[in-house]
Structures are given as C-alpha cells and as structure tokens.
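To start, the structure itself, in structure tokens.
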Amino acid sequence: MTLLLGVDGGNSKVIALVAGVDGSIVGAARRLGSADIYASAGPEAAVALVEALVDEALAQVGIGRGEISRAVFSMAGADWPEDHALLNQAFGAAGFGGPATIVNDAIGALTGAVPEGPAVVVSIGTGAATGARGHDGSTWHSSFWQSPHGAVELAQRMLSAVARSELGIDPPTRLRDRLLHITGDDTVEAVLHRNTGRDAERPPPVGRMVRALLEAAVEGDAVAAGILRAHGSGLGATAAAAARRVRIADTPFALSFCGGLTRLGTSALTQAALDEVHAAEQAPVIVAPRWEPAVGALLIGLRAELKTALPDDVAARLDASAPSASLYDVS
C-alpha cells in the first residue's frame, strides 16, 4: 500500500497524518512544542520534535520511515530560501522511501481550507500566516512581510492596554481585573514585572489572556473591542495585499479564516479583518475551512502522487477518516 505523510509544524504544536493514496487517513499524532526553526530552541530542536512525532504516527500504522512514498512538511519558519534548504536537507536525509517536500505553513493552511480556485486564507494561531492562490494556481505566503498578528500579540496588546489604563492614559477597562485574576497578582505593576523583568518567571498565559479579552469584548468592554478591531484590521490589510499579490483583487475569490484562535470564537476579529478587505474595494466570498492544515499537507502529497486534481472519492475518504477536532485543540 502506498502511504503518504503530511505534517503541519506550527509555533505551539505539530500534527502528523499518515494516509493512503485512496484518501484514507490511517495514522494521526500530535505533540505540543514549536516546530519553527526561528524559535529560541533553534533549528535542531524543531527538526527533532517533528521527527519524533512522525515516528509516533508511523508506529500507529506499524511502519517505518522507509515505507512512506512521499512526505510533505508544512512548516512555520520555512520562509527564506536558506530555510527551505535547511529543512530539505534535514527531512531529505530522514530516510523516507520517497521525496520530502517543504512548504510554508501558510500554504498547507491554504490548501486545506480552500483546496481549489482563487483564494486567500488567514491562519491565526500562536502566530499568524496568510496564504493566497491565483487563478493560474500561483501562490504567495506572507512570511516576514506580515506584522505579528497571532495570539501572542493579542495578549501583548491586552497587557499594554491594561498598563495604559492604569496610568490614566486610556479609559478604565474590566480587562484589569481579569488579568490580575489570571496571573494571581495584586497589582498591574507586578504583572508588568513578571512579564518584562530580566528574570521573568514564566511565559505569560497567552491562551487565558486571549479568552479573557474575547469575553470582555462580547460583554461590551470598549477597550477590549478596540484591541480586536485594530488587530483584525491588520489581518485584513495583509489579506487584501495577498489578493493583490496573486492578481485576484479585482475578481471574486474565497476568503477563509482558520487556526487555533478561530476556535475560540473570534467573530469581532474576523469581522474587522473583512471590513478592511472591503475597504480595499475587494469582494471576497467568506467560506468555512474545508480541512485542517495538516490535511492540506496531505493534499499536496496526494496531488503530486496522483498527478491529477483530487478525485471526489478520495476527498470523501479524507472527510470520513479525518481525525476529530480534539486533535487540533489549542489547549
């Protein structure tokens, strides 16, 4: 049986899927950690994490690396030519039975969310990535063109807003009490010290902070709502630029939002992004993502193996065998 490997390597978790060329997913594994070669642990740690996870997924199927006919790695940090060279060398030497293909994680997200046709996909997780596809099939990904727009930056915006409010620069906000409850501190100064001091105790609780921010916005907190509008506007500006890059800005195209942050309920964020795209005089059609980015990596491999567009029966088997949503949860 010909087996393919698809990997989605993100900033906070890695997903590996194994599937047959008929579209049946037969193995799935996940590990927390960063697969980004730009992360503080370095490229070696990122590659080691991915390879350990791949071996875990293959063990579920009872096969070794040499039995994989084609592997596709959709990776955060696959940004510049030298990054692709590094990852191609690492995974090319990993002992797979067939070629290993490296793409930026925005391309895996794009392929999974909107498999065909002109589209822009905005993936919002720990970081953010934007991918676009033109009418001719050409693609573009935002990489370092995009300002940081993920959950980490949302949490930083929240902390900054609370600090400005504490100084009387900005209006009072219920985010203050929510932040102190999350961190267990008595004062805003203590939170700032915890997160900015040379001997910072631990990383900020990004997930809990973002959830608190979203909840406060729903409850009508003007400061929280303003943070989401500004953040979403930045995402939308990059999405509009992506459409121009692949020459679809003047025609209808699909626009999809995916990633871990979207599973928390981010309608205010995505609406602000859509408003920015409309302000650029573009008219996208909003579509729900078809598949997760890891399935997008599989799709890239399937198309290369089959040398054709994805057959309907193969797509149906991907639907039927796709792992449950819990595999992709942000927690």
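Loop-only GluC sites (Glu not before Pro) in segment 240-331, please: DSSP not H, G, I, E or B, and at most 11 other Cβ atoms within 10 Å.
Values: sites: GLU276, GLU281, GLU305; in loops: GLU281.
Filter output for segment 240-331: GLU281.
With +1 on each Lys and Arg Cβ and -1 on each Asp and Glu Cβ, how big is the dipole of segment 170-251 about its Cα centre, in debye rounded to the nearest 20?
Approximately 520 debye in magnitude.
Would you mind checking the radius of gyration and Dmax of the chain based on alpha-carbon positions, in Å?
According to the Cα coordinates of the chain, Rg and Dmax are 20.5, 66 Å.
Using the number of other C-beta atoms within 10 angstrom as an exposure proxy, rank ARG31, ARG174 with the fewest first. Don't skip to the answer; put the middle values down first.
Numbers: ARG31 15, ARG174 18.
Listing ARG31, ARG174 from fewest to most nearby Cβ atoms yields ARG31, ARG174.
Quick check on the exposure proxy: order MET209, MET1 from fewest to most C-beta atoms within 10 angstrom.
Sorted ascending by nearby Cβ count, the order is MET1, MET209.
Looking at PRO205, HIS149, ALA241, which one has the Cα that reaches farthest to the positive end of the dipole of segment 144-286 (charges on Cβ: Lys, Arg +1; Asp, Glu -1)?
Toward the positive end, the furthest listed residue is ALA241.
Which of the trypsin sites (Lys or Arg not before Pro) found in segment 297-331 are loop residues per DSSP with 16 or fewer other Cβ atoms within 10 Å of their Cβ?
Those that pass, being in a loop and sparsely packed, are LYS307.
Quick one: Cα centre-to-centre distance for segment 300-321 and segment 225-269, in angstrom?
28 Å
Any idea how far the Cα center of segment 142-206 sits from the one of segment 17-65, in Å?
Rounded to whole Å, the Cα centres lie 33 Å apart.
Hey, what's the Kirkwood Rh for segment 1-73 if you take every pair of different alpha carbons, in angstrom?
Hydrodynamic radius (Kirkwood, Cα pairs) of segment 1-73 is 12.3 Å.
Evaluate the charge dipole of segment 194-331 about its Cα centre and quote only its size in Debye, nearest 20, assuming +1 on the Cβ of each Lys and Arg and -1 on the Cβ of each Asp and Glu.
My answer is approximately 380 debye.
Before anything else, pin down the relative contact order of segment 185-331: Cα pairs under 8 Å, at least 6 apart, normalised by residue count, whole percent.
Over segment 185-331, the number comes to 22 percent.
Under a Cβ-only charge scheme (Lys and Arg +1, Asp and Glu -1), can you give me the dipole magnitude of the chain about the Cα centre, in debye to the nearest 20?
140 debye
Could you give the angle, 0 to 90 degrees to the nearest 10, between helix 267-279's Cα long axis and the longest principal axis of the Cα atoms of the chain?
Relative to the chain, helix 267-279 is tipped by roughly 80 degrees.
Do any GluC sites (Glu not before Pro) in segment 86-170 lie in a loop, going by DSSP, with at most 14 other beta-carbon atoms within 10 Å of their beta carbon, and if so which?
Loop-located and lightly packed - GLU116.
Regarding segment 144-286, what is the average projected area of its C-alpha convex hull, in nm²?
Reported value for the Cα convex hull: 9.5 nm².
So what is the diffusion coefficient of segment 40-151 in µm² per second by Stokes-Einstein at 4 °C and 1.567 mPa s, using a Kirkwood Rh over Cα pairs? Intermediate results must be reported in sequence, preceding the final value.
Working: Rh = 15.2 Å.
For the chosen part, D equals 85 µm²/s.
Using the 10 angstrom Cβ neighbour count as an exposure proxy, how do VAL47, VAL210, VAL287 rank, fewest first?
VAL287, VAL47, VAL210
Work out the charge dipole of the chain with +1 on the Cβ of Lys and Arg and -1 on the Cβ of Asp and Glu about the Cα centre, then indicate which of GLY66, ILE37, SER24 is farthest towards its positive end.
SER24
Angle check, please: helix 206-218 long axis (alpha carbons) against the longest principal axis of the chain (alpha carbons), in degrees 0 to 90, nearest 10.
60 degrees
Normalised by the residues of the chain, what does the relative contact order come to in percent, with Cα pairs under 8 Å and at least six apart?
On the way: 667 pairs, mean separation 72.9, N = 331.
Once normalised by length, the contact order is 22 percent.
Values quoted throughout were computed directly from the atomic coordinates according to the rules given, and no laboratory measurement underlies them. None of these values were measured; they are calculated from a predicted model. Cβ: placed from backbone, ideal geometry, glycine included. Neighbour counts: every protein chain shown.
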